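This report refers to the structure that appears directly beneath it.
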Amino acid sequence: MVLRLQYLKYQIRGNHLLPFFLAHPMDQALPQRLIDHFEAHIGKNRGSIDFDTSLTWAPDSRVVRALIATLLSRFYAFSPNQLEDLLDATELAGLRGQGISSLEDFRLWFWQFVQSESGGFFLRDQRNEFFQKVAHTLQLPPQSIEPLLTAHREDVMQLHRKNHSPSAKDVIGAYNYEVLETLLFNSDTVVISITGSSLGATARSLLKYTKRFGVLVDLESSDETLRATIAGPRVFFGRASSFGWNIAQVITSLLEEAPGLGISVDKVSIDVILRDRHYMVQLDADSIPLIIPRKQVREDEAFLDSKVEKQFFWSWHNNKFRGWDIIREPEAIILGSQLIIPDFALVKGDHSVLLEIIGYWREEYTQKKLAQLEMLKQQGLKHMILLVDTKHRRYFSKSTYPVVFYRSRGKRYEIPYGKILKVLPE
């Protein structure tokens, strides 16, 4: 869930945006009050629950609205009654004997009955009489007809917990995550600065997450600092999008793993675009709040690169074309300040050739990446092959690295392995 921008509390100071996060345990009173409010109304209809009064529980109603949205997204939900909730076993058996086994079936039967009995409509003052007729035909209590017809309406849906009752800490962590994801939803670029003694392992771990979630990242290393620059939705898609979830998963996964890696995430800088203006969000080690991520399975266009990588790896691994083996994510290469971990290395005897797959990239990022690759060539990185989606042919046709183009066919990719073998050393 991404918060509506009107629910996002923040301040603007020059070109900096200061988002409002909740701190635990200092800010737990309001979340706990809202939890108690939800718990007191479990099983109640949405229309009977007073949410307006709760908007006065904080000086800024945006925070309350955002917390309510978070509670309804993560911990509670409104759902319609089912046929089994509104009728007893005998009444259910009678309906099922007439081919009615769901509320959708009942509504369809009802309107067909209206069509056959009264030409498709009845007057308001005939309503009770008509409901009596329906009840008699179906052998149901007359008072059950209206609930059966209106169970799908939002105002009569009932509140229930998704799992257990949350704690104030759960809600604070969830709210902070939703704020972060909303910022990332509208981001242009994200820069993460990391310090520690195991930057090689950190780079591998970070690359694992970026590949898993389809995120594009550039890595730079200097002294004991690793700088990761992530392309946001504005770069990747040219617009705000739910791709912010993918970036949020990378950041939160890195934060969770940081203690085990012996590293510190010193700064997260987010270039946010709101109303066509750029603002910087700066979070340092002390201001990164408690964050409890929302895990979910996502399959979307951002995963295209990992799918073609998977097909390429297993095809080459199983066939070992002309004796060439394949290594996934070989050792990192440092050229100047650039830290590169290519997708694959093709190895045979003393020969090793790197291979980079270039798939779903927008025009701006494609041109930027091509310039980076040419810079690497000038700095001495010679043995590399580029496997490029054919839709980028016009950009890579003049590359000084060998380029082999592939194309997608439905869920599979046509990869010309023979052309790759032709540019490998004998």
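The values are calculated or read from the model by the stated rules, or taken from the named source; none is laboratory data. Predicted model only: the values in this text are computed from it and were never measured. A quick note on method: Cβ atoms are made from the backbone with ideal geometry, for glycine too, and the neighbour counts reach across all protein chains shown.
Considering segment 226-257, the residues that are of a type outside the set (Ser, Thr, Tyr), in contact (Cβ under 8 Å) with a residue 60 or more places away in the chain and in a helix (DSSP H, G or I) include one that is surrounded by the most Cβ atoms within 10 Å (Cβ to Cβ), namely ILE247. Do we find a residue being within 15 Å of LEU72 (Cβ to Cβ), in a helix (DSSP H, G or I), touching an Asp or Glu at 6+ places or on another chain (Cβ under 7 Å) and touching a residue at least 60 places away in the same chain (Cβ under 8 Å) anywhere in segment 24-46? Yes, some residue in segment 24-46 is within 15 Å of LEU72 (Cβ to Cβ), in a helix (DSSP H, G or I), touching an Asp or Glu at 6+ places or on another chain (Cβ under 7 Å) and touching a residue at least 60 places away in the same chain (Cβ under 8 Å).
The lone criterion from (1) within 35 Å of the chain's Cα centre (by Cα); (2) surrounded by fewer than 18 Cβ atoms within 10 Å (Cβ to Cβ) left unmet by VAL347 is number (1). Residue-level check: of (1) in a helix (DSSP H, G or I); (2) within 45 Å of the chain's Cα centre (by Cα); (3) not basic (Lys, Arg), PHE131 misses just (2). For segment 354-404, filtering for residues that are touching a His at 6+ places or on another chain (Cβ under 7 Å) and of a type in the set (Ser, Thr, Tyr) leaves 1. Taking LEU283 as the residue in question, decide whether it is of a type outside the set (Asp, Glu), at pLDDT 90 or above, within 23 Å of LEU22 (Cβ to Cβ) and out of contact with any helix residue (DSSP H, G or I) (no Cβ under 8 Å at 6 or more places or on another chain). Yes: the conditions hold for LEU283. Screening SER144, SER167, SER205 for residues that are modelled with pLDDT under 95 and more than 28 Å from VAL308 (Cα to Cα) leaves exactly one candidate, SER144.
Here's the yes/no breakdown for (1) at positive phi; (2) assigned by TED's automatic domain parsing to the domain that holds GLY232; (3) modelled with pLDDT of 80 or more; (4) not hydroxyl-bearing (Ser, Thr, Tyr):
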{"residue": "GLU363", "(1), (2), (3), (4)": "no, no, no, yes"}
{"residue": "MET375", "(1), (2), (3), (4)": "no, no, yes, yes"}
{"residue": "MET384", "(1), (2), (3), (4)": "no, no, yes, yes"}
{"residue": "HIS392", "(1), (2), (3), (4)": "no, no, yes, yes"}
{"residue": "PHE396", "(1), (2), (3), (4)": "no, no, yes, yes"}
{"residue": "SER399", "(1), (2), (3), (4)": "no, no, yes, no"}
{"residue": "VAL403", "(1), (2), (3), (4)": "no, no, yes, yes"}
{"residue": "GLU414", "(1), (2), (3), (4)": "no, no, yes, yes"}
{"residue": "LYS419", "(1), (2), (3), (4)": "no, no, yes, yes"}
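Okay, residues lined up against (1) of a type outside the set (A, V, I, L, M, F, W, C); (2) assigned to a strand (DSSP E or B); (3) in contact with a strand residue (DSSP E or B) (Cβ under 7 Å, 6 or more places away or on another chain):
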| residue | (1), (2), (3) |
| --- | --- |
| LEU355 | no, yes, yes |
| THR366 | yes, no, no |
| MET375 | no, no, no |
| LEU387 | no, yes, yes |
| LYS391 | yes, no, no |
| TYR395 | yes, no, no |
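Here the condition is being part of a loop (DSSP other than H, G, I, E, B) and over 24 Å from the mean Cα position of the chain (by Cα); of SER101, SER144, SER116, it holds for SER101 alone. Here the condition is being without any contact (Cβ under 8 Å) to a residue 40 or more places away in the chain and at negative phi; of LEU55, LEU148, LEU87, LEU67, it holds for LEU55 alone. How many residues are modelled with pLDDT under 75, surrounded by 16 or more Cβ atoms within 10 Å (Cβ to Cβ) and not polar (S, T, N, Q) if we restrict to segment 305-338? Total satisfying the criteria: 2.
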